[in-house]
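Take a look at the structure below.
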Amino acid sequence: MEINKNIAISDSGFVFNPSTGDSFSTNQIGVEIINLLKEGKEISDVVNEVTSKYNVEKSNLEKDLGDFFSMLTSFQIIK
């Protein structure tokens, strides 16, 4: 999964796609996930890092990530 290179994200969670003009806000975990993707991490690496840092079940995280990735795709943040 690859994140578009021109995506801007603030520390507070404001995400902006200058190509489309779309923007939205996400929470701190969403910021971390997007930043991990920007670093070129694979989905399995994202799952491992988030589950090790937060008290979350892997199966719940995988479902939530699927929903989050669908939203990122609809905003053309990832391809």
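The values are calculated or read from the model by the stated rules, or taken from the named source; none is laboratory data. Please read these numbers as outputs of a predicted model, since none were measured by experiment. Reconstructed Cβ throughout: ideal geometry from the backbone, glycine too, with neighbour counts over all protein chains shown.
Each row is one residue, and each column tells you yes or no for (1) out of contact with any helix residue (DSSP H, G or I) (no Cβ under 8 Å at 6 or more places or on another chain); (2) among the polar types (S, T, N, Q); (3) at pLDDT 95 or above.
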| site | (1), (2), (3) |
| --- | --- |
| LYS5 | yes, no, no |
| PRO18 | yes, no, no |
| GLY40 | yes, no, no |
| TYR54 | no, no, no |
| SER59 | yes, yes, no |
| LYS79 | no, no, no |
Q: Quick one: which helices (runs of 4 or more DSSP H) lie wholly within the chain and hold at least 3 residues that are touching a Cys at 6+ places or on another chain (Cβ under 7 Å)?
A: none
Q. Does THR26 fit the bill of being buried (at least 17 other Cβ atoms within 10 Å of the Cβ) and among the hydroxyl-bearing types (Ser, Thr, Tyr)?
A. yes
Q. Filtering the range 34-67 down to residues that are in contact with a Ser or Thr (Cβ under 8 Å, 6 or more places away or on another chain) and of a type in the set (A, V, I, L, M, F, W, C), which residue is nearest to LYS5 (Cα to Cα)?
A. ILE34
